Amino acid sequence: MPIYEYRCAKCSDVFEVLQKFSDAPIDSCPRCGGHVKKLVSKSSFRLKGSGWYLTDYAKKGSPREDTTPDAKPKKKKDPNTSKKDKD
């Protein structure tokens, strides 16, 4: 459950409330009964780095392509050519 911050317009008290997404927002201050406003807070959830899924959570031992920008593309063999064609 997320934690929401509220600020009272009357006493300027800032408080936090643990609420479900489906819960109605609080409309009165528990300290003085004044009108409160929900604040927008910074989230603690962050995705860092490039390719976070492939580099951090992929199964060990599974094939992985190199996704770095400096990586050279791998040359694939043309199935229509054979050794005889190269000679």
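Give the residue, chosen from A58, A71, that is surrounded by 10 or more Cβ atoms within 10 Å (Cβ to Cβ) and modelled with pLDDT under 60. Among A58, A71, only A58 is surrounded by 10 or more Cβ atoms within 10 Å (Cβ to Cβ) and modelled with pLDDT under 60.
Restricting attention to segment 1-21, the residues that are in a strand (DSSP E or B) and of a type in the set (D, E, K, R) add up to 3. Kindly provide the set of residues from segment 1-34 that are of a type in the set (A, V, I, L, M) and either more than 20 Å from F45 (Cβ to Cβ) or surrounded by fewer than 14 Cβ atoms within 10 Å (Cβ to Cβ) (or both), ordered by number. Answer for segment 1-34, where residues must be of a type in the set (A, V, I, L, M) and either more than 20 Å from F45 (Cβ to Cβ) or surrounded by fewer than 14 Cβ atoms within 10 Å (Cβ to Cβ) (or both): M1, I3, A9, V14, L18, A24, I26.
The values are calculated or read from the model by the stated rules, or taken from the named source; none is laboratory data. All values derive from a computational prediction rather than experimental measurement. Here Cβ is always computed from backbone atoms with ideal geometry, including for glycine, and neighbour counts include all displayed protein chains.
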